[in-house]
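Peer 1: This is the structure I have questions about; it appears just below.
The values are calculated or read from the model by the stated rules, or taken from the named source; none is laboratory data. Nothing here was measured: the structure is a model prediction, and the numbers come from that model. Here the Cβ is made from the backbone with ideal geometry for all residues, glycine too, and neighbour counts use every protein chain on show.
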Amino acid sequence: MANLKEIRNRITSIKSTMQITSAMKMVSAAKLKKAQDAITAMRPYSSKLTELLQNLSATLDGDSGGAYATQREVSKVLMVVVTSNRGLCGGFNSSITKEVVRTIQHKYQNVTVDLLTIGKKGGDVLGKTYNIIEKRNEIFEDLTFNNVALIAKKLMEMYVDGTYDKIELVYNQFKNAATQIPQIEQYLPIKPIEISENVSVNSDYIFEPSKEEIVEALIPKALKTQLYKALRDSFASEHGARMTAMHKATDNARDLRNELLLTYNKARQAAITNEILEIVGGAEALKN
């Protein structure tokens with residue numbers, strides 16, 4: 001019977017785990033819907049802003065990006081690593097940390113690399129090996145454009161004053177609830193715009209103020225939007241990954257519970273059979 005009691009305790013424990021993972025799955029599903037709507041609504045705006053900036057820049061002579069497009073010899077790189085503050089989301093965080101390590105080891109072997117982490121999990125893992133200049137774990141508690149713009153402004157200042165020669169974003173791009181794609185995206189300097197010979201740029205417009213002034217005003221806004229979109233992508237990806245992980249955990253717990261119930265019923269049946277045999281054996285002994 002001790003064995004039966006042990007199995008009963010395990011079944012009770014697994015049922016409790018199932019309730020927790022199922023509740024976490026439902027919470028993540030609700031948060032995912034809101035986060036997915038936000039990133040879906042933002043992508044057309046971000047895409048159109050980039051298109052507008054490219055069309056304007058393509059009609060200008062020389063370096064249209066000003067200080068933000070100045071190409072320098074790369075000796076110091078800043079990587080902005082976006083992870084989550086909480087775990088239980090499958091390989092969401094590990095895929096980003098592995099991508100950072102792989103990039104540093106293969107791409108920036110002879111370059112000084114610093115990190116700015118957004119999300120506690122990435123900072124905890126990477127901080128053991130690499131230099132982290134700042135941790136902004138609080139940003140996901142109030143993920144608004146104005147709060148993200150403050151970080152973007154600081155990144156732009158560090159690039160312009162020469163603190164870093166290159167800045168990259170590392171984050172998970174949201175595709176769907178089950179798929180998140182690790183991305184390494186050049187943030188600064190702004191990549192030169194490539195115009196194909198087969199693509200014509202419509203420049204038959206009158207600009208007020210000048211095109212140069214418009215581009216100068218658009219670039220900081222586009223950079224802030226780019227960072228905000230990356231964080232929104234990561235935020236939606238996190239909830240999608242957690243929902244999927246909790247769904248799998250619930251299914252695995254259910255399968256284990258069913259196996260234990262089968263084992264328990266077999267053990268209980270065997271115990272009852274043994275008791276019957278003992279009773280029958282005792283009755284036969286009394287007759288004799």
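Peer 1: Just to be sure I understand the filter: pairs with C-beta atoms under 7 Å, separated by 6 or more residues or on different chains, first member in segment 119-143 and under 18 Å from Leu227 (Cβ atoms), second member basic (Lys, Arg) and surrounded by 16 or more Cβ atoms within 10 Å (Cβ to Cβ). Which pairs pass?
Peer 2: Gly123/Lys135; Asn137/Lys120
Peer 1: All but one of (1) at pLDDT 90 or above; (2) under 27 Å from Asn93 (Cβ atoms) hold for Thr179; which doesn't?
Peer 2: (1)
Peer 1: Out of the residues in segment 233-288 that are hydroxyl-bearing (Ser, Thr, Tyr) and either out of contact with any helix residue (DSSP H, G or I) (no Cβ under 8 Å at 6 or more places or on another chain) or outside any helix (DSSP H, G or I) (or both), which is nearest to Ala35 (Cα to Cα)? Walk me through it before giving the result.
Peer 2: The initial filter retains those residues of segment 233-288 that are hydroxyl-bearing (Ser, Thr, Tyr), namely 234, 237, 244, 250, 263-264, 273.
Still in the list and also either out of contact with any helix residue (DSSP H, G or I) (no Cβ under 8 Å at 6 or more places or on another chain) or outside any helix (DSSP H, G or I) (or both): 234, 244, 273.
Values: Ser234: 10, Thr244: 15, Thr273: 57 Å.
This residue is Ser234.
Peer 1: Being out of contact with any Lys or Arg (no Cβ under 7 Å at 6 or more places or on another chain), among the aromatic types (Phe, Trp, Tyr), modelled with pLDDT of 90 or more and under 14 Å from Ile167 (Cα atoms), is that true of even one residue in segment 104-113?
Peer 2: Yes: one or more hits.
Peer 1: Just to check your reading of the model, which residue among Leu227, Leu277, Leu223, Leu260 is hydrophobic (A, V, I, L, M, F, W, C), farther than 23 Å from Asn137 by Cα and touching a residue at least 60 places away in the same chain (Cβ under 8 Å)? Walk me through how you get there before you give the answer.
Peer 2: Working: Leu227 fails: farther than 23 Å from Asn137 by Cα; Leu277 fails: touching a residue at least 60 places away in the same chain (Cβ under 8 Å); Leu223 fails: farther than 23 Å from Asn137 by Cα.
Leu260 is the lone residue from the list that is hydrophobic (A, V, I, L, M, F, W, C), farther than 23 Å from Asn137 by Cα and touching a residue at least 60 places away in the same chain (Cβ under 8 Å).
A quick yes/no check of all residues on (1) at pLDDT below 90; (2) of a type in the set (Lys, Arg):
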position	(1), (2)
Asn146	no, no
Ala149	no, no
Lys154	no, yes
Lys166	no, yes
Leu169	no, no
Phe174	no, no
Ile184	no, no
Ile193	yes, no
Tyr205	yes, no
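Peer 1: For the subset of segment 102-133 comprising residues that are among the aliphatic types (A, V, I, L, M) and under 16 Å from the mean Cα position of the chain (by Cα), which member is surrounded by the most Cβ atoms within 10 Å (Cβ to Cβ)? Give the derivation first.
Peer 2: Step one: list which residues in segment 102-133 are among the aliphatic types (A, V, I, L, M), which gives 104, 111, 113, 115-116, 118, 125-126, 132-133.
Those left that are additionally under 16 Å from the mean Cα position of the chain (by Cα): 116, 118, 125-126.
Details: Leu116: 22, Ile118: 28, Val125: 20, Leu126: 21.
Here the answer is Ile118.
Peer 1: If you take just the helices (runs of 4 or more DSSP H) that sit entirely in segment 57-169, which of them hold at least 3 residues that are farther than 25 Å from Ile181 by Cα? It would help to see each step written out before you state the result.
Peer 2: Working: elements: 92-107, 120-126, 145-160.
Counting at least 3 such residues, we get 145-160.
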